[in-house]
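Can you keep this structure in mind? I'll have questions shortly.
Each value in this text was obtained by applying a stated rule to the coordinates, not by laboratory testing. Given the structure is predicted, the values throughout are model-derived calculations rather than measurements. Every residue, glycine among them, receives a Cβ derived from its backbone with ideal geometry; neighbour counts consider all protein chains shown.
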Amino acid sequence: MKKEKKYYDVKLEVYLPAVISYRILAEDAAQAESLIKNIAPVGVKYKLAGKKDLKITVYESGSTIIRFIKNIFRG
């Protein structure tokens, strides 16, 4: 007898290399560097090839009932 398939929501926590872009109005490069701490970035470009999986959590679709958790990263 075949098991019935159902949908699951999966959340995967990862370390993900990314390049974050800012547009800053500043007097010099040093001031621009210090100002990025206070504003939101204008763009993010992810590098999925370099990701490291940390933890996976699986829920029943549309619910908060956890069905499976696994710590992946050991480092």
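Could you work out the longest stretch of the chain that avoids the chymotrypsin sites (Phe, Trp or Tyr not before Pro) located in DSSP loops with at most 15 other Cβ atoms within 10 Å?
Working: sites that count: 7, 22, 73.
Formally, the longest exposed-site-free interval is 23-72.
Taking 0.36 nm per residue of sequence separation and subtracting the Cα-Cα distance, how much length would be gained by fully extending the chain between residue 44 and residue 18, in nm to one decimal? Don't skip to the answer; put the middle values down first.
Numbers: separation 26, 0.36 × 26 = 9.36 nm, distance 0.67 nm.
So the chain would gain 8.7 nm between residue 44 and residue 18.
Select from region 1-71 those trypsin sites (Lys or Arg not before Pro) which occupy a DSSP coil region and have at most 13 other Cβ atoms within 10 Å, ordered by residue number. Please report the intermediate quantities before stating the final value.
Working: sites: 2, 3, 5, 6, 11, 23, 37, 45, 47, 51, 52, 55, 67, 70; in loops: 2, 3, 5, 6, 23, 47, 51.
Those satisfying the criteria are 2, 3, 5, 6, 23, 47.
At 222 nm, what helix-only mean residue ellipticity would the chain give, in deg cm²/dmol to the nearest 500, using -39500 (n - 2.57) for each DSSP H run of four or more?
Details: 1 runs with 7 residues, N = 75.
It comes out at -2500 deg cm²/dmol, rounded to the nearest 500.
Tell me which lysines have Cα within less than 22 Å of residue 5's Cα, excluding those fewer than 8 residues away on the same chain?
Counting by Cα, and skipping residues close in sequence, residue 5 has these lysines nearby: 70.
Oh, and also: Taking 0.36 nm per residue of sequence separation and subtracting the Cα-Cα distance, how much length would be gained by fully extending the chain between residue 31 and residue 10, in nm to one decimal? Can you show the working numbers first?
Values: separation 21, 0.36 × 21 = 7.56 nm, distance 4.11 nm.
Contour length minus the Cα-Cα distance gives 3.4 nm.
Normalised by the number of residues in the chain, what is the relative contact order in percent for Cα pairs under 8 Å and 6+ residues apart?
Numbers: 106 pairs, mean separation 27.7, N = 75.
Computed over the chain, the figure is 37 percent.
Still on this structure, I have one more. More than 16 Å apart: what percent of Cα pairs in the chain qualify?
Values: 1919 of 2775 pairs.
Pairs farther apart than 16 Å: 69 percent.
Ok, one more. Fewest to most neighbouring Cβ within 10 Å: what's the order for 57, 64? It would help to have the intermediate numbers written out before the result.
Numbers: 57 14, 64 7.
Fewest-to-most Cβ neighbours within 10 Å comes out as 64, 57.
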